[in-house]
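Q: Take a look at the following structure, please.
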Amino acid sequence: MLKERLRCEVLKNRVMEPEQAAQFFKKGMTIGTSGFTPAGYPKAVPLALAKRGKKGEKLDLTIITGASVGEELDGELVKTGIMKRRYPYQTNKAVRDAINQGKIEYEDMHLSHTPQWVKYGFFGKIDIALVEAVAIREDGGIIPSTSVGNSNVFVEMADKVIVEINTSQPLALEGVHDIYSPKNPPNREPIPITKPHQRIGTNYIPCNPKKIVAVVFTDIPDKTREVAPIDENAKKMASHLIEFLKKEVELKRLPKNLLPLQSGVGSVANAVLAGLIESEFEDLMIYSEVIQDAALDLIDAGKAKFASGTSFTISPSRLKNFYDNFDKYKDKVLLRPQEISNNPEIIRRLGIIAMNTAIEVDLYGNVNSSNIMGSRMMNGIGGSGDFTRNAYLSIFTTVSVAKNRKISSIVPMVSHHDHTEHDVDIIVTEQGVADLRGLSPKERAKTIIENCTHPDYKEPLLEYYHDVMKNCIYKHTPHSLEKALSWHKRFLETGTMKK
Ligand code: COA
């Protein structure tokens with residue numbers, strides 16, 4: 001086992017217990033870790049670091065990951081006071097609470113920006129790269145596990161590298177990765193990807209073994225989540241979206257097998273992909289961040305030919321089947337660094353159909369994906385902006401109401417802006433589809449009210465719209481600054497947006 005997993009002779013005397021490896025971490029360091037939507041993140045060393053925190057040590061670490069990571073890293077380091085700053089995305093309750101209570105500093109950023117910021121030096125020096133792997137090659141090359149995220153960039157830029165070899169992750173994953181790192185401007189060159197399945201790099205992260213100061217063995221599995229069951233609203237949204245895509249094919253604006261698909265995570269995203277299984281579309285391609293259960297189902301059903309992503313976020317109940325049948329999937333899936341999976345140049349070139357989820361949408365098509373009632377951080381923008389801004393078609397889905405109809409997800413003005421009206425093409429709710437392409441703001445407002453708004457809120461929205469059209473002197477994007485956020489204010493004061 002050890003021989004297969006640790007093939008580099010000089011590293012054999014650097015195998016140590018997680019507690020020993022945790023001693024490399026000093027106060028105020030910046031740490032880059034593997035991990036993306038909680039897959040392929042380090043577990044044993046963070047748990048050992050948390051023990052130092054429990055003893056009262058204040059390390060004040062800056063933690064930069066690919067995206068969200070599991071409880072062993074995010075939850076434990078925040079609860080034990082080890083983490084001071086966090087970039088670029090999280091979905092952990094303890095971290096979310098600490099962010100909202102102002103206890104840790106968080107910059108929520110486009111996931112394609114993080115790797116280049118590391119390479120530009122905008123975060124300062126990366127002291128330690130802590131990455132999970134399935135094995136280390138003879139030459140020190142690191143074979144990642146279920147995600148790539150920013151691991152290659154952290155390994156490239158860090159002073160020291162610590163590798164967790166996770167034996168719960170199968171060696172069969174070797175060969176599924178494609179590692180490529182663009183140079184910084186002014187030496188950057190075009191990224192040679194013109195099809196989702198193209199390989200352009202190495203199947204390991206190049207690393208000089210001299211940089212690897214510790215190798216830790218662990219068998220703690222990824223803590224991915226079960227996919228929420230597909231409910232009626234998700235089914236309706238999926239069906240509206242598929243009808244919309246069919247019409248685009250009829251109008252010859254999309255080829256019969258569509259264009260490469262990106263879908264966010266979560267139940268609606270999963271429902272949309274699941275809906276495609278029943279559809280007439282074939283030979284689909286996926287170029288996304290996350291390869292989740294539904295992507296495997298599409299491959300199983302013979303509907304999808306290939307899925308490129310930066311992580312496998314497979315639910316616990318599906319994972320065994322995925323690993324047991326990995327040979328079947330191996331030439332149909334590929335994991336790239338997030339600098340490539342989320343790269344605007346490639347997204348624009350491939351003509352991605354981007355499907356992401358909104359918390360709320362406003363009359364003019366602006367989207368809030370991250371901050372509830374304008375200031376409570378949920379997760380972050382994640383990769384949604386990378387895809388939305390550069391896609392062939394930018395689609396947002398949201399249920400038209402939340403919290404037992406006390407909240408309308410279509411509001412006069414969003415309480416936080418993640419995606420502006422200029423980037424959003426299509427809104428889908430369980431009520432219907434609003435196609436905003438080519439429409440002026442006033443026309444968008446009418447389309448959104450008519451097609452996407454819940455009946456409980458249609459009249460109040462029309463009332464707002466007619467009021468501002470009458471009373472605002474500017475008729476292009478008319479608003480009442482007094483009333484635009486009054487629905488949110490009312491909810492916060494009374495528990496409902498309804499009058
Ligand atoms: N106003 C206030 N709260 C709202 C709301 C609204 N308009 N719409 C939903 N909510 C609340 C829900 O009630 C729920 O609250 P709870 O946690 O107290 O139960 C919470 O927001 C999450 O809603 P849910 O319907 O469970 O959302 P989800 O799991 O489908 O996630 C996002 C939706 C937007 C939070 C999630 O997709 C996300 O973080 N997106 C940004 C990142 C992203 O797009 N990543 C993928 C890119 S590749």
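Q: Please find, among 212, 230, the residue that is within 16 Å of the ligand (Cβ to nearest atom) and surrounded by 16 or more Cβ atoms within 10 Å (Cβ to Cβ).
A: On the way: 212 fails: within 16 Å of the ligand (Cβ to nearest atom).
That would be 230, the only listed residue that is within 16 Å of the ligand (Cβ to nearest atom) and surrounded by 16 or more Cβ atoms within 10 Å (Cβ to Cβ).
Q: With the requirement that a residue be within 28 Å of residue 465 (Cα to Cα) and more than 7 Å from the ligand (Cβ to nearest atom), what does the stretch 388-398 give you? It would help to see each step written out before you state the result.
A: Of all residues in the stretch 388-398, those within 28 Å of residue 465 (Cα to Cα) come to 388-389, 393-398.
Of everything in the stretch 388-398, those that are within 28 Å of residue 465 (Cα to Cα) and more than 7 Å from the ligand (Cβ to nearest atom) turn out to be 388, 389, 393, 394, 395, 396, 397.
Every residue, every condition in (1) closer than 26 Å to residue 61 by Cβ; (2) modelled with pLDDT of 95 or more, yes or no:
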| residue | (1), (2) |
| --- | --- |
| 152 | yes, yes |
| 200 | no, yes |
| 211 | yes, yes |
| 216 | yes, yes |
| 220 | yes, yes |
| 233 | no, no |
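Q: A further question follows. Considering only residues that are within 17 Å of the chain's Cα centre (by Cα) and β-branched (Val, Ile, Thr), look in the stretch 366-387 and name the one that is nearest to the ligand (Cβ to nearest atom).
A: Among those residues, the one meeting the criterion is 381.
Q: Please give the number of the condition residue 394 fails out of (1) over 24 Å from residue 496 (Cα atoms); (2) without any contact (Cβ under 8 Å) to a residue 40 or more places away in the chain.
A: Tallying (1) over 24 Å from residue 496 (Cα atoms); (2) without any contact (Cβ under 8 Å) to a residue 40 or more places away in the chain, residue 394 fails exactly one: (2).
Q: While we're on this one: With the condition being closer than 28 Å to residue 339 by Cα and not basic (Lys, Arg), I'd like the strands (runs of 3 or more DSSP E) fully within the stretch 1-95 carrying at least 3 qualifying residues.
A: Answer list for the stretch 1-95: 30-33, 61-64.
Q: Okay, moving on. Out of all the residues in the stretch 280-293, is one or more charged (D, E, K, R), modelled with pLDDT of 90 or more and within 14 Å of the ligand (Cβ to nearest atom)?
A: From the stretch 280-293, those charged (D, E, K, R) are 280, 282-283, 289, 293; that's our starting set.
Then keep just the ones that are modelled with pLDDT of 90 or more; that gives 280, 282-283, 289, 293.
Checking the rest, the ones that are also within 14 Å of the ligand (Cβ to nearest atom) come to 289.
Yes: the stretch 280-293 contains one or more residues that are charged (D, E, K, R), modelled with pLDDT of 90 or more and within 14 Å of the ligand (Cβ to nearest atom).
Q: Give the residue that is surrounded by the fewest Cβ atoms within 10 Å (Cβ to Cβ), with candidates limited to residues of the stretch 399-411 that are touching a residue at least 60 places away in the same chain (Cβ under 8 Å) and near the ligand (Cβ under 8 Å from one of its atoms).
A: 399
Q: What number of residues in the stretch 412-442 are near the ligand (Cβ under 9 Å from one of its atoms) and over 25 Å from the mean Cα position of the chain (by Cα)?
A: 0
Q: Which of the residues belonging to the stretch 64-103 are of a type in the set (A, V, I, L, M) and touching a strand residue (DSSP E or B) at 6+ places or on another chain (Cβ under 6 Å)? Before you say what the answer is, go through the steps one by one.
A: Taking the stretch 64-103 first, the residues of a type in the set (A, V, I, L, M) are 64, 67, 69, 73, 77-78, 82-83, 94-95, 98-99.
Listed by number, the residues that qualify are 64, 67, 77, 82, 83, 99.
Q: Separate question: Cβ-Cβ distance below 7 Å, separation of 6 or more or different chains: which pairs start in the stretch 222-246 with a residue that is among the hydroxyl-bearing types (Ser, Thr, Tyr) and end on one that is surrounded by fewer than 22 Cβ atoms within 10 Å (Cβ to Cβ) and part of a loop (DSSP other than H, G, I, E, B)?
A: Final answer for the pair search is 224/315.
Q: How many residues does the stretch 65-103 hold that are away from the ligand (no atom under 15 Å from the Cβ), in contact (Cβ under 8 Å) with a residue 60 or more places away in the chain and surrounded by fewer than 24 Cβ atoms within 10 Å (Cβ to Cβ)?
A: Matching residues across the stretch 65-103 total 2.
Q: Here is a follow-up. Out of 191, 143, I need the residue that is closer than 21 Å to residue 9 by Cα and either under 23 Å from the mean Cα position of the chain (by Cα) or crowded, with 17+ Cβ neighbours inside 10 Å (or both). Which one?
A: Values: 191 fails: closer than 21 Å to residue 9 by Cα.
Being closer than 21 Å to residue 9 by Cα and either under 23 Å from the mean Cα position of the chain (by Cα) or crowded, with 17+ Cβ neighbours inside 10 Å (or both) holds for just one of 191, 143, which is 143.
Q: Please verify whether residue 318 is farther than 22 Å from residue 268 by Cα and either surrounded by fewer than 24 Cβ atoms within 10 Å (Cβ to Cβ) or of a type in the set (Gly, Ala, Ser) (or both), treating the condition exactly as stated. Quick ask: steps written out before the conclusion?
A: Details: farther than 22 Å from residue 268 by Cα: no; either surrounded by fewer than 24 Cβ atoms within 10 Å (Cβ to Cβ) or of a type in the set (Gly, Ala, Ser) (or both): yes.
For residue 318, the condition - farther than 22 Å from residue 268 by Cα and either surrounded by fewer than 24 Cβ atoms within 10 Å (Cβ to Cβ) or of a type in the set (Gly, Ala, Ser) (or both) - is not met.
Q: Determine the pairs where a residue that is without any contact (Cβ under 8 Å) to a residue 40 or more places away in the chain, located within the stretch 442-468, has a partner that is part of a helix (DSSP H, G or I) with Cβ atoms under 7 Å apart, the partner being 6 or more residues away or on another chain.
A: Pairs that qualify, where the first residue is without any contact (Cβ under 8 Å) to a residue 40 or more places away in the chain and the partner is part of a helix (DSSP H, G or I), are 458/449; 462/449.
Q: A further question on this structure: Being closer than 26 Å to residue 97 by Cα, free of Cβ contacts under 8 Å to residues at least 60 places away in the same chain and either among the aliphatic types (A, V, I, L, M) or surrounded by fewer than 20 Cβ atoms within 10 Å (Cβ to Cβ) (or both) is the filter here, so list the residues in the stretch 338-366 that pass it.
A: Matches in the stretch 338-366: 359 only.
Q: Starting from residues that are within 23 Å of residue 350 (Cα to Cα) and in contact with a Lys or Arg (Cβ under 9 Å, 6 or more places away or on another chain), keep the ones in the stretch 255-273 and report whichever is surrounded by the fewest Cβ atoms within 10 Å (Cβ to Cβ). Show your work before the answer.
A: First, the residues of the stretch 255-273 that are within 23 Å of residue 350 (Cα to Cα): 255-265, 269-270, 272-273.
Filter again for in contact with a Lys or Arg (Cβ under 9 Å, 6 or more places away or on another chain), leaving 257, 260.
Values: 257: 15, 260: 25.
Top of the filtered list is 257.
The values are calculated or read from the model by the stated rules, or taken from the named source; none is laboratory data. The shown structure was predicted, so the numbers you read here are calculated from the model rather than taken from an experiment. Note: ideal-geometry Cβ built from the backbone for every residue, glycine included; neighbour counts use all protein chains shown.
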